[in-house]
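Following: one structure in structure tokens, then a few remarks.
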Amino acid sequence: MEERNSYERDMLQQFRKYVYWRYCQIKNCVNIRKCKGGSLDKVKEKLQDENELNYTINLLKISNEEVFFILNFIEKYFEMIV
């Protein structure tokens, strides 16, 4: 496996920050207590409700594909959150 150069590492780090920022926004949309509590599984479960999903995508101005991409990315690459 090739090592990443500094530009690639910086880009990956910036993308990870963006994904985490978006995840916090998504979690806050479906969690009444905002930043407190609410595991990734609970966030995914709440977004199965069409009203919760529509509220989230309308408030954040993102697509439902982006919502679930972010949740899947968090699940795969952020061990501390899962």
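Couple of notes before you dig in:
- Pairs of Lys residues in the chain that lie 8 or more places apart, or on two chains, and have C-alpha atoms under 18 angstrom apart add up to 15.
- The long axis of helix 50-60 is offset from the longest Cα principal axis of the chain by roughly 50 degrees.
- Reciprocal of mean inverse Cα separation for region 39-82 (Kirkwood radius, Å): 10.8
- With a simple spin-label model that places each label point 7 Å from the Cα along the Cα-to-Cβ direction, the separation between Tyr55 and Tyr18 comes to 2.8 nm.
- Cα-based helix-to-principal-axis angle, 6-30 vs the chain, degrees rounded to 10: 10
- Net length available on complete extension from Ile62 to Gln25 is 12.2 nm, with 0.36 nm assigned per residue and the Cα-Cα distance removed.
- For the chain, trypsin sites (Lys or Arg not before Pro) are listed when DSSP marks them as loop and at most 16 other Cβ atoms sit within 10 Å of their Cβ; the list is Arg4, Arg33, Lys34, Lys36, Lys61.
- The fewest-to-most ranking of Glu66, Glu79 by surrounding Cβ atoms within 10 Å reads Glu79, Glu66.
- Folded to 0 to 90 degrees: helix 64-77 orientation relative to the chain principal axis, Cα: 50
Since every read-out is calculated from the coordinates, none of them should be taken as a lab result. Model, not experiment: these values are computed from the prediction. Glycine also receives a Cβ, built like all others from the backbone with ideal geometry; neighbour counts cover every protein chain displayed.
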